[in-house]
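The values are calculated or read from the model by the stated rules, or taken from the named source; none is laboratory data. Since the model is a prediction, treat every value here as computed from it, not as a measurement. Using ideal geometry, Cβ is built from the backbone for each residue, glycine included, and neighbour counts are taken over all protein chains shown. Remember, those area values only see protein heavy atoms, side chains included, never the ligands or the DNA or RNA. Shrake-Rupley method; radii C 1.70, N 1.55, O 1.52, S 1.80 Å.
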Amino acid sequence: MLDKKYNHIEVEQGKYEKWYKKGYFEAGDLSKKPFTIVIPPPNVTGKLHLGHAWDTTLQDIIIRYKRMDGYDALWLPGMDHAGIATQAKVDAKLRENGINPRDMKREEWLKHAWEWKEEYAKNIRDQWAKLGLSLDYTKERFTLDEGLSYAVKHVFVELYKKGSIYRGERIINWDPVQMTALSNEEVIYREEKGAFYHIKYFVENSDEYLEVATTRPETLFGDTAVAVNPNDERYKHLIGKKVVLPIVNKLIPIIGDEHADPEFGTGVVKITPAHDPNDFEVGNRHNLKRVVIMNPDGTMNENTGIYKGMDRFECRQKLVEDLKKQNLLIKIEEIIHSVGHSERSDAIVEPYLSKQWFVKMRPLADRVLEVQKNKDQKVNFVPERFEKILKHWMEITYDWCISRQLWWGHRIPAWYKGDEIYVGYEAPKEDGWVQDEDVLDTWFSSALWPFSTLGWPEKTNLLKRYYPNDVLVTGYDIIPFWVCRMVFQGLEFLDERPFRDCLIHGLIRDKQGRKMSKSLGNGVDPMEVIDKYGADALRFFLATNSAPGQDLRYDEDKVKATWNFINKLWNASRFVMMNLEDYTPTKIKVEELSSSDKWILDKQNKIIKLVRKHMEQYEFNVVGAELYHFIWNDFCDWYIEFAKINMTNQTKNVLVYVLKNILKMLHPFMPFVTEEIYQKLPNSDESIMISEYPKWNEEYEFSYDVNNINNIIEIITKIRNVKSETNISAKFLLVNNLDDNYQFLINDNREIFEKLLKCTIVDEIESDMNKIDVPLTYGSVIIGYKGIHEKLDIEKLKQEKQKLIDSINRREKLLANQGFINNAPEHIINEEKRKLEEEKSALKNIGEKLKG
RNA sequence: GGACGAUUAGCUCAGUUGGUCAGAGUGCUACGUUGACAUCGUAGAGGUCACUGGUUCAAGUCCAGUAUCGUCCACCA
């Protein structure tokens with residue numbers, strides 16, 4: 001027997017370990033059709049947040065559903081080494097302990113990083129367990145493990161051979177704190193206060209000067225030209241002459257280039273090819289020298305004279321003062337502009353000339369765009385609109401900077417000897433080759449995740465069976481970084497999309513609608529929610545409270561409401577079990593069932609069909625609403641009440657059968673409590689996890705009985721309604737009106753009416769009684785009562801009457817409209833007619849009430 | 001500047017291809033505790049579906065435009 005109250009802590013205790021030990025999470029039954037999801041690998045940098053809980057819950061729901069529905073369901077777990085993020089954390093930890101990570105040898109530092117990884121990986125696994133995720137740990141992978149590292153090397157070598165990977169000097173986004181290059185996606189732009197410094201660049205041997213405006217004056221040390229638009233009448237005559245570079249007093253040319261926009265600022269641009277991507281291009285067009293003026297840590301280098309060694313911002317300040325002194329500064333114009341920050345260190349990113357490795361994107365991206373045109377080969381986004389993000393990125397794509405000046409990651413498989421480069425799996429045999437110090441961008445390995453985890457590039461059985469994956473689940477914020485890259489790498493190396501469907505969800509926001517973030521401190525720890533309300537409540541809340549692709553506001557009250565729902569389920573189950581003492585389980589015999597038994601079987605049958613349909617479409621909010629309504633309103637409010645009155649052995653069969661199906665349909669959403677209850681019901685399988693998902697059953701369609709019960713429900717509801725409105729609190733009579741359509745129904749179900757309405761049924765009204773006629777769809781019933789009741793609210797009745805008159809007029813007009821009659825489908829027209837009749841009858845009734 | 005999303009009951013959100021679609025949860029009001037559940041039951045109140053046009057017999061639903069909020073991208077010498 002169950003306790004009176006649902007206790008999520010007791011219920012969730014120990015179940016996960018049992019499932020795990022029994023091997024239920026493991027895929028590999030070759031007799032079944034495979035179904036695959038690989039988890040988006042969380043970073044080994046910390047705790048899982050609510051977003052992870054949401055993302056993984058959705059996946060667990062899909063995988064548990066498919067497993068119960070007869071698939072060999074593989075959900076492959078794993079984690080991401082998360083290069084910059086993890087390195088930053090490990091460094092911070094070392095510094096806390098008074099160790100400067102830069103003083104360490106690479107090997108020594110890596111030891112610390114691996115220790116960190118082990119610790120955090122364990123935390124993450126513990127959190128997965130608390131969430132109840134049915135992951136196949138026998139196939140768990142890590143982006144830096146041996147197999148995946150080999151896959152990474154293979155991809156690098158192959159792309160290099162094809163000429164799709166090259167090494168070159170480019171302007172990249174440089175993080176002076178982490179001292180590494182960043183990809184464009186790792187730069188976050190924020191609107192900030194800044195200034196335009198207007199500086200005089202005097203024309204050689206002249207009093208004339210050009211007014212140059214810049215936000216980064218300190219870069220002038222790297223200026224190798226000043227550009228004006230060749231069509232700009234103001235400056236045309238100066239092209240080919242030279243200006244004096246302020247402070248440095250060096251001569252640099254004035255060039256004509258389209259890059260200079262006459263409309264913008266002064267129309268004059270200083271050109272710093274080593275510190276600005278546009279200037280780099282201009283420099284290439286005009287064969288300008290590239291002068292790097294900073295060190296990797298953001299201090300000024302030997303090309304800046306007396307400013308050498310200053311931090312870039314200190315230098316800026318000093319330089320501006322000096323310009324002012326020399327009367328070279330015209331003005332400082334305060335502006336708001338967007339400034340790039342490193343996603344991880346938050347340092348202001350410096351565009352910086354540096355030698356890096358790149359992936360040539362155009363051919364890879366074109367392949368994606370091509371495949372997305374073919375409906376059998378494309379990745380199907382759910383909701384569809386997110387495909388646009390993929391396409392957009394593949395259209396605007398630029399070459400991908402993949403080298404990072406870090407230690408934590410896959411070391412680039414390239415060796416140098418003088419000007420020679422060797423790219424391969426192993427170091428060349430001869431002496432003198434030195435391996436590239438850098439590692440690859442984390443996303444370079446994540447991009448291979450759907451197949452590297454299955455053993456690729458080896459032609460493993462796993463790969464053959466589980467690639468392509470069936471669905472990938474992730475947030476829309478990660479489409480550019482990850483989804484895009486998996487798609488082009490999958491197409492490039494496996495010649496096939498990495499996954500058939502891509503289910504996209506939104507972001508979690510706080511109750512005020514703000515993004516959850518560390519800086520706001522508004523993050524919610526899913527583990528705390530689980531402690532308070534249970535994983536089942538959290539999961540159901542996460543999965544059912546938003547439409548696909550929409551953001552989700554975290555609202556504790558809703559989690560609480562979900563807990564209440566589970567408690568309701570718990571108590572309904574408790575009721576069922578209380579009635580099973582003298583129960584003999586048998587097969588359900590249709591011929592022995594009552595109308596209400598058939599009614600609930602029919603209802604459930606329809607729900608099963610609906611739930612399956614929406615499960616397939618990943619519309620979990622709809623599934624949640626359907627199940628909620630079915631359980632609370634149909635099963636608890638009506639069927640259990642009917643069952644109390646007529647508790648036959650067959651009814652017990654039905655109670656158990658329906659409850660088990662309810663539990664099975666809820667199981668993917670709330671695995672723990674459904675298992676707990678299921679185990680306590682007679683003739684259950686070893687675990688609900690491996691039981692069969694409910695199927696629609698053609699034997700359980702009972703339209704006649706459904707009608708009957710629906711009529712009974714209507715009578716009861718409408719009488720309750722009148723009773724409540726008129727405040728008849730004493731016992732009253734339901735008169736069985738012999739002339740009425742409902743006569744037999746009432747006669748046959750006397751006990752139901754008497755119990756649920758707390759009334760007595762009589763055949764004739766007593767002479768000293770008042771009576772009220774209760775209108776129903778196909779007639780009416782009469783209730784009689786002794787004594788007085790509160791007067792009917794005349795004002796309210798009048799309002800209702802007016803509403804009815806308006807509605808009747810509207811409907812009559814509609815039905816008189818030839819266009820409507822000709823065009824609308826028949827069932828709509830009939831429905832309108834029916835409603836019209838109903839309203840007319842109700843109007844008549846109100847008229848009588850008002851008279852009385 | 002471009003793209004996308006949101007705008008529906010006090011609050012948080014659902015509303016598939018136009019017609020049982022104006023809904024749910026929560027909150028609020030009234031009544032109700034003799035065995036599944038007061039973390040409950042029964043009943044009730046509430047919304048010109050942001051605004052303006054258009055298409056249609058028929059528009060939260062489709063089209064065009066406007067407003068507000070949010071997100072992403074691009075630009076920013």
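General remarks:
- Whole-number D in µm²/s for the stretch A:414-490 (Stokes-Einstein; Kirkwood sum over Cα pairs; 25 °C, 0.890 mPa s): 162
- Calculated on the alpha-carbon coordinates, the convex hull of the stretch A:350-452 measures out at 165 cubic angstrom per residue.
- When the solvent-accessible area of the stretch A:665-784 is split by element, carbon and sulfur atoms take up 44 percent of it, the probe being 1.4 Å.
- Computed packing ranks the peptides A:649-662, A:325-338, A:163-176 as A:649-662, A:163-176, A:325-338, most packed first, by mean other Cβ atoms within 10 Å.
- Exposure ranking of A:216, A:362, A:312 by accessible area [1.4 Å probe, largest first]: A:362, A:216, A:312
- Among beta bridges from DSSP that stay inside chain A, the antiparallel ones total about 70%.
- Against chain A, whose longest principal axis comes from its Cα atoms, helix A:146-161 is set at around 50 degrees.
- Inter-centroid distance (Cα atoms) of the stretch A:548-618 relative to the stretch A:83-125, Å: 49
- Dipole axis of chain A (+1 Lys, Arg; -1 Asp, Glu on Cβ), positive-most option in A:605, A:575, A:450: A:575
- The stretch A:117-212, accessible area per residue, ligands and nucleic acids excluded (1.4 Å, Å²): 44
- At 1.567 mPa s and 4 °C, Stokes diffusion of chain A via Kirkwood alpha-carbon radius, µm² per second: 39
- Protection proxy ranking of A:15-27, A:600-612 - average other beta-carbon atoms within 10 Å, highest first: A:600-612, A:15-27
- Site pair residue A:380 and residue A:366 shows an inter-label distance of 2.9 nm when each label is modelled 7 Å from Cα along Cα→Cβ.
- Within the accessible area of the stretch A:523-660 (1.4 Å probe), percent carbon and sulfur: 48
- Inter-label distance for residue A:206 and residue A:146, nm, one decimal - labels placed 7 Å from Cα along Cα-to-Cβ: 7.1
- Difference of contour (0.36 nm per residue) and Cα-Cα distance, residue A:106 to residue A:763: 227.0 nm
- Share of pairwise Cα-Cα distances greater than 16 Å in the stretch A:740-790 is 47 percent (whole percent).
- Accessible area of the stretch A:1-55 divided out per residue, in Å², using a probe of 1.4 angstrom: 53
- Helix A:361-371 axis, angle to chain A major axis (alpha carbon atoms, nearest 10°): 30
- For residue A:361, the solvent-accessible surface computed with a 1.4 Å probe is close to 10 Å², ligands and nucleic acids excluded.
- Pairwise centroid distance, computed over Cα atoms, of the stretch A:440-487 with the stretch A:253-271, Å: 45
- Per residue, the convex hull spanned by the Cα atoms of the stretch A:465-583 amounts to 170 cubic angstrom.
- For the stretch A:682-696 and the stretch A:356-381, distance of Cα centres in Å: 43
- Quick note on the stretch A:88-212: its Rg to Rh ratio, both from C-alpha atoms and Rh being the Kirkwood radius, is 1.16.
- Each eigenvalue of the Cα gyration tensor of the stretch A:52-154, multiplied by 5 and square-rooted, gives one semi-axis; in descending order these are 34, 16, 10 Å.
- 0 to 90° range, to nearest 10: angle between helix A:50-68 axis and chain A longest Cα axis: 60
- Taken over the alpha carbons of the stretch A:221-294 as equal point scatterers, the Debye sum produces base-10 log I(q)/I(0) values at 0.11, 0.20, 0.24, 0.28 Å⁻¹ of -0.24, -0.79, -1.10, -1.36.
- In this structure the stretch A:328-390 gives 51 Å² per residue of accessible area when probed at 1.4 Å with all protein chains present.
- Short to long, the 5 Å bins of the Cα pair-distance histogram for the stretch A:626-767 hold 2, 8, 14, 18, 17, 11, 10, 8, 6, 4, 2, 0, 0 percent of all pairs.
- Computed over the stretch A:377-510, the alpha-carbon pair-distance distribution with 10 angstrom bins reads 11, 33, 30, 18, 6, 1, each value a whole percent.
- Accessible-area composition of the stretch A:298-397, carbon plus sulfur, in percent [1.4 Å probe]: 48
- By the Cα gyration tensor, the stretch A:170-294 has an equivalent ellipsoid whose semi-axes, rounded to whole angstrom, run 26, 15, 15 from largest to smallest.
- The sum of -39500 (n - 2.57) across all DSSP H runs of n ≥ 4, divided by the residue count of chain A, sets its helix-only mean residue ellipticity at 222 nm to -13000 deg cm²/dmol.
- Residues residue A:190 and residue A:703, FRET efficiency given R0 of 60 Å [Cβ-Cβ distance, rounded to 0.05]: 0.45
- Rg/Rh for the stretch A:501-652 stands at 1.08; both radii use Cα atoms, and Rh follows the Kirkwood definition.
- Per residue Cα convex hull volume in Å³ - calculated over the stretch A:1-88: 153
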